[in-house]
Each structure stands twice: as C-alpha cells, then as structure tokens.
Amino acid sequence: MDAQLIEHLMEPKNYGSMSDADSEGIGKNPLNGEKVAIYLRVSEQDGVPIIQDIRFQAIGCTTTVVAGSMITQEAKGLDFKKADELVNTTMQFLEQISPSDAVCTEMVAIALKASMDTYRLRKGDPDHPAVTYQVQHSCTLKEGETE
Amino acid sequence: MKTLAIKIHEAWLVTLMAGLMSSTQSKHILFDFADILFRHFRWIEAEMVKAGESYDYDRDMIPIQVDKLSIILNNIIMRLNQIDLQIIGIKRELSNRMSSDLSYMREMIAHLSDEEVHAFHAKRKLEYIPLSEEATDALTLFLFEESSKEYELIMIYNYLNAHSSDLYLSRVFQDLVDESLFHLKQFGDMMAKMGILGVPKMVHKELYQSIKIEAFLLAGIDEEIAAKEECRKLSEAVASNSKELAKFFDFINNQESYHIVLMQDALAYWRSKNG
C-alpha cells in the first residue's frame, strides 16, 4: 500500500456535496445498490466548459472513496474534452485491476461522465434531471481470476 | 437551527478527533467534551423534529492533520465560539444549558497543555506489535472501512431514534448508537497509534432519510455477520504476532454478536407491530 493511497484514505479530496452545483451525475452498481454522485461547478471559456470545482459522495466501500478522491483530483481544472479523455483512459485501465477495484473505479468514472452529460443536456433543458449510468463490470471473480 | 446543528456536528467530530490525537490526560477531557457536543446535537435535532424542520447530516470536509495539538484545540475554541453565536430561536432552558457548557469547555480547552501529534505520520506501525506487510495492509483497510461504517451507523440509528416515538425501538437504537460510538473510538485510537487517523466520510442522506426499517435491519444483521468474520480473520492473522491485538479483535467480535441480537429483537418487534 503506497503513501499516496494512504493519504487518499486518510483525507479524501473533494468529498462532500455542492449546494450550488451546475450539474450532478450518478454512477450506480445495480447489483448491490452502491453509487457515486459527482457534482460540478463549470465555467466556460470560448464556449468550452471547464471543471472549476468538483465534489463527490459515495455510498460504497473504501476503494470507491479512494478512486473518487484520485479521479476528482485529476479532473479539477480540466476542460470537458480532457475530462472525457480521463474517463476513457480510466475505463481502459479497468481490465488491469481486480474486479472489485474495477467496479468501484468504473462507478466514479461513469459518474463523472454522467455529470458532464447532465451539464450538456441542461444547455438545452435547464431542468434536465441528473443523468445516471450503470456499471458494466461486476465484483464477482471470473473463472481463473484472483483478487 | 439547521446551521447550528451542522456546526455542532462538525465541532463534535473535531473534538473527538482531537481526543484521539492526544496521548495525555487531555484525551479523556476531549472525549467527555465530544460526548457533550453529541448530546447538544441530539437535543437540537429533537427540536428540529418537533418544529417539523427538514434537515440532513451534510457537513463540510474537516481538515484535521496537525503536528501540534494546540492547533486543533484553537480550532475547537473557534468552532465553539461560532456555535455560541448561533444559539438563537431555541427554547431558553436549552440555550442556557448549551451556553454554559460551551463557556466551560472553551475555558478548559484553552488551558490544556500542548503536545506533539503523531496521529498522521502514516508509518502504520503499532508499538511492540510487529506485523507483516500483508497483515498491516489488511488491518489498515479494516480500520478505514469499519471506522466509516461505525460513524455511518451512529448517524443512521440516531436519525431513526430522532424520528421514533416507540420506546422499545428507541432504546435499541440508542444502545446501537452507544455501541458504535465506542467502536469508533476504539478503531480511531488504533488508527491514531498507527499514524493513519482520518475523519469518517460524510454519510449520504439517502442512507438515513429514505430508510425502510425492516430491510435496513436485515441488511444490518448481514453486515454485522460479515464484520464478525473480518474480526475473526484479523484476530487469526495477528495472533502469532500479538496476543493483545488478537484479544482486541475477539472482544470486538463478541460485541458484534450482541448487536446482531439487538437487531434481531428490533426486527421481530417491528414485524409484530407492522404485520
């Protein structure tokens, strides 16, 4: 367990709600009811949305909180294009980690995507509800896999 | 009252954390004061329920990583001052009591000796207890997971208690709050000794506001069984290195057994009352 991981465990970054958020998005695991909500405060520069501030909340395990802390820290200050790339890179990385870590990390990544999509949809419909995406991975080990 | 409740909630947690950071007699004073603040929190919550005011347990993030206890003590005094300024609109007897408590606590905290804090060095070593890297990692994850869980249970049972008019269920909920407070302190104490103390994460309102008691108790019993198994595994993993630590996990394990009994009783009672 490295020092960076322990620091995220001891003091998760960007944890909490955001009362004046411009958008919210939810990543959900339908199998066990765990979920992650990501709140964004967004500014626009030449029509490009930029993540000014970000918060997340989780109903889930410690791994989800660590993943939320790391990913939101990476996402803060990015424009949506770069944040989309962060989501895609994270999704590609999931095959290399254990199933339980993968599902927790995926939940955070899709919550970020959901929150950005909520923002995009609210450009046309300011009352659009928060977008929710469900994880594709499962905590269950496949045959031959180990944690 | 909502803002007041949030500020007391935060002050309670900071005072509890300060108690966990301390290695002197100040620890017990801070624990006692944390208990008083938690009672203030419950009383204000009861007032909000009575007044039909909507509220939740959302709060700010609480940074606690300091190297001197005096820094966190000054922070607590500042928080107590802010609470004192917010005590308006509640019944006079309660505001008088709270003001008097706050004044006494500020005075006492201002006179506590400074000490170096070792609760955040992240060395993850327990004095006189050598643990393998694997056992250390398992213990680390267990402590973070379970300290958050105990805090979550405190808040959920507290919310259920605040909204219950049934004396029997209230007693069970209060017992479970008290038990989880004790476990949170025990796990927090071990985290501080290992240099990995952290404030438990805020509880999502969905977990307590839209609760279905029967399903919650059933899931809670399963979780307690899982927690017991974790304690048993940890006890076995550390037994060869430390009999003392193994005994601690057996002790927690046996306490969890009684939580299951309390929840089973509450479940049977709930079903008998609600068909």
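The values are calculated or read from the model by the stated rules, or taken from the named source; none is laboratory data. All values derive from a computational prediction rather than experimental measurement. We place every Cβ from the backbone using ideal geometry, glycine too, and count neighbours over all the protein chains shown. To get the accessible areas, we keep the full protein, side chains included, count just its heavy atoms, and leave off ligands, DNA and RNA. Shrake-Rupley method; radii C 1.70, N 1.55, O 1.52, S 1.80 Å.
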Study note, to complete from the structure: Computed curve, the stretch B:1-117, Cα-only Debye sum without solvent term, log₁₀ I(q)/I(0) at 0.21 Å⁻¹, is -1.13
Review point. Can you give the Rg and Dmax of the stretch B:32-91 based on its C-alpha atoms, in angstrom?
Key: 13.9, 43
**Study point:** Of B:TYR128, B:TYR157, B:TYR57, the one that fluctuates the most in a GNM where chain B has Cα springs shorter than 10 Å
**Key:** B:TYR128
Review point. What accessible area, summed over both chains, is buried at the B-A interface (1.4 Å probe, Å², nearest 100)?
Key: 1900 Å²
Check your understanding: Counting only protein heavy atoms, what percent of the accessible surface of the protein assembly as shown is carbon or sulfur at a 1.4 Å probe?
Key -> 51 percent
Review point. When Lys and Arg each count +1 and Asp and Glu each count -1, what net charge do the other residues less than 9 Å away from B:GLU116, Cβ to Cβ, add up to?
Key: -2
Practice item. From zero up to wherever the largest Cα-Cα distance of the protein assembly as shown sits, split into 20 Å bins and tell me the percent of pairs in each. Key: 24, 57, 19, 0
**Study point:** Residue-wise HN-Hα coupling along the stretch B:33-46, computed from phi with Karplus coefficients 6.51, -1.76, 1.60 (Hz; x: Gly, Pro)
**Key:** 5, 4, 4, 4, 5, 5, 5, 4, 4, 5, 5, 5, 4, 4
Review point. Per residue of B:136-145, how many C-beta atoms from partner chains lie within 10 Å of its own C-beta, taken as a mean?
Key: 3
Exercise for review: Once you have the Kirkwood Rh of chain B from its Cα pairs, apply Stokes-Einstein at 25 °C and 0.890 mPa s and quote D in µm²/s.
Suggested key: 124 µm²/s
Practice item. Find the all-direction average of the projected area of the Cα convex hull for the stretch A:41-95, expressing the result in square nanometres with one decimal place. Key: 4.1 nm²
Check your understanding: Can you give the accessible area per residue of the stretch B:1-117, in Å², using a 1.4 Å probe?
Key -> 46 Å²
**Study point:** Within-10-Å neighbourhood charge of A:THR72 [Cβ basis; K, R +1; D, E -1]
**Key:** +1
Check your understanding: What is the average number of partner chain Cβ atoms found within 10 Å of a Cβ in A:3-9?
Key -> 4
Study note, to complete from the structure: So the compactness index of chain A, its C-alpha Rg divided by 2.2 N^0.38 Å, takes the value 1.02
Review point. How big is the shadow of the Cα convex hull of the stretch B:114-245, averaged over all directions, in nm²?
Key: 9.8 nm²
**Study point:** Diffusion coefficient, µm² s⁻¹, Stokes-Einstein with Kirkwood Rh over alpha-carbon pairs of the stretch B:192-270 at 20 °C and 1.002 mPa s
**Key:** 146 µm²/s
Check your understanding: Short version: ³J(HN,Hα) in whole Hz for each residue of the stretch A:13-18, in order, from phi by Karplus 6.51 cos²θ - 1.76 cosθ + 1.60 (θ = phi - 60°), x for Gly and Pro, what are they?
Key -> 7, 6, 7, x, 9, 9
Check your understanding: Looking only at other chains, what is the average number of their beta-carbon atoms within 10 angstrom of each beta-carbon in B:195-203?
Key -> 4
Review point. What order do you get for A:105-118, A:30-43 when each peptide is scored by the mean count of other beta carbon atoms within 10 Å, highest first?
Key: A:105-118, A:30-43
Review point. Could the peptides B:3-11, A:129-137 be put in order, highest first, of the mean number of other beta-carbon atoms found within 10 Å of their residues?
Key: B:3-11, A:129-137
